[in-house]
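The values are calculated or read from the model by the stated rules, or taken from the named source; none is laboratory data. Predicted model only: the values in this text are computed from it and were never measured. Cβ coordinates were reconstructed from backbone atoms using ideal geometry, including for glycine residues, and neighbour counts include every protein chain displayed.
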Amino acid sequence: MTDLNEFRAQTRAWLQAHCPDDARGPGQIPFGSSKITLDTDTRLWLERMADRGWTVPTWPRAYGGAELSNPEYRILIEELTRIGARTPLTGRGVNYIGPTILELGTEDQKKRWLPGIARGEGAWAMGYSEPGAGSDLASLTARAERVGDELRINGRKTWTSDAVYCDFIFVLARTSQSVRKHEGISLILVDMHQPGVEVHPIRLLSGASPFNETVFDNAVARVDDVIGGIGNGWTAGKRLLQFERSTHAGINISGAQGGRTEASRMPERIRAFVGEPTGQIREESIRRGLTDYQMNAHAQRLTQARVIEETKARAPGFASSAVKLSNALLTQRGDELLLEAMGTQGLSIEASHPAHQENVEQTKGWLYRKSLTIAGGTKEVQLNIIAKRVLGLPD
Ligand SMILES: Cc1cc2nc3c(=O)[nH]c(=O)nc-3n(C[C@H](O)[C@H](O)[C@H](O)COP(=O)(O)OP(=O)(O)OC[C@H]3O[C@@H](n4cnc5c(N)ncnc54)[C@H](O)[C@@H]3O)c2cc1C
């Protein structure tokens, strides 16, 4: 315990001295993209944290981490949250493909890929879903054929988030046609800076394009860059999904953001709309809703902390589905509550005055966060996993 107290004191002092003022509070969070210029302090913060191994605090030192234990990791997150320090690096590199390589990659793959991922050198896209393969992912048809030491990839991936900004993509593709559906799939790392990879943004009603279609036309990858071995992509790909779900759930201890939460700001935000000068909330239904929400948020935080401490790997297995789902439902419940408190202001989609910009962001966020029960596997898919794998119910 004394060691942990000492660790906390040292961590607090170091963060206080090294986290630039402009890397605290809301602002830019890097995800490694070579196409996005970072603000000066954001870059400095990323570099300082990477030098200390704290962009991936639990990874081995040899691959860019700091080898923190789970309790030390939790303290680091608490201390980062305490001073409002932004996550130094996020994205599918540190959170999804990095821990998958760490767990299932060869020594050569770990040495080649992990130090760069830990320093945010390149952003990663996720090439799983296809027009005919979402929940039923094993129906995917993208294929990769071996030509010498290379793989030639052809096919289309849809909903590839952020792909226009990405440098690399991990792709699930079929490397064998003559086996059963779940076999013959491989998880392949692909450089996106090549003529065989084209990204077409998908424009949403809001005008934004967070999604893309990514087309592979004889794209080239190295056979050495198949993670988990050729034909084992279903197993490797499912493990990666657990890292993704754990990230959504706040229980992935690969990167430097596991367990952080926005829930604590909810009372203050609600009071801004329906609070008396005394701080009391006028509307009884909102008062009750907030109490209910706060109890659930507290339970969620304790669950996240317990899961983080109990998990031996960098993310749990099937438990990631349960915590992902409860986290998504809690977040959506918070949005609904805030919207109720905002009344007509909760329907603003454009700000007529700069002071109202936060309301607009909240409304857009409410709409966007409806996707939390779709992305990373839908609510129904998570419920199926929980029923079968956690509760052991029959098919
Ligand atoms: C914000 C966001 C970001 C995303 N980013 C990426 C990305 O970067 N890369 C990527 O590859 N994909 C990405 N996706 C795609 C995501 O993984 C799929 O949308 C998701 O897996 C569902 O697939 P689908 O959209 O094809 O829906 P479908 O699978 O067609 O499902 C339609 C409906 O049927 C239900 N359903 C399907 N099967 C069952 C079943 N067996 N039992 C009960 N109900 C069922 C579903 O729950 C859903 O309600 C993203 C999605 C979102 C929303």
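Here are ARG333, ARG301, ARG306, ARG314: which of them is outside the structural domain of ALA138 (by TED's automatic domain parsing), away from the ligand (no atom under 16 Å from the Cβ) and not in a helix (DSSP H, G or I)?
Exactly one residue qualifies, and that residue is ARG314.
Just to verify a result, which residue in segment 253-267, among those that are under 13 Å from the mean Cα position of the chain (by Cα) and either in a helix (DSSP H, G or I) or hydrophobic (A, V, I, L, M, F, W, C) (or both), is farthest from ILE308 (Cα to Cα)?
So, considering only residues that are under 13 Å from the mean Cα position of the chain (by Cα) and either in a helix (DSSP H, G or I) or hydrophobic (A, V, I, L, M, F, W, C) (or both), the one farthest from ILE308 (Cα to Cα) is ALA256.
From the list ILE97, ILE83, ILE153, ILE169, which residue is within 16 Å of the ligand (Cβ to nearest atom), more than 19 Å from the chain's Cα centre (by Cα) and β-branched (Val, Ile, Thr)?
Result of the check over ILE97, ILE83, ILE153, ILE169: ILE153.
When you scan segment 67-138 for helices (runs of 4 or more DSSP H) that lie fully inside it, which ones turn up with 1 or more residues that are modelled with pLDDT under 95?
Those helices (runs of 4 or more DSSP H) span 70-82.
Have a look at GLY289, GLY279, GLY275 and point out the one that is touching a Lys or Arg at 6+ places or on another chain (Cβ under 9 Å), surrounded by 15 or more Cβ atoms within 10 Å (Cβ to Cβ) and over 24 Å from LEU367 (Cβ atoms).
Exactly one residue qualifies, and that residue is GLY275.
Give the residue that is nearest to the ligand (Cβ to nearest atom), with candidates limited to residues of segment 203-224 that are within 13 Å of VAL171 (Cα to Cα) and buried (at least 22 other Cβ atoms within 10 Å of the Cβ).
Checking each candidate, the answer is THR214.
I'm checking my understanding of the structure. Among residues of segment 370-379 that are without any contact (Cβ under 8 Å) to a residue 40 or more places away in the chain and not in a loop (DSSP other than H, G, I, E, B), which one is nearest to the ligand (Cβ to nearest atom)?
Ranking the qualifying residues of segment 370-379, first place goes to SER371.
Return yes when LEU383 is of a type in the set (A, V, I, L, M, F, W, C), at pLDDT 90 or above and touching a Ser or Thr at 6+ places or on another chain (Cβ under 9 Å) and no when it is not.
yes
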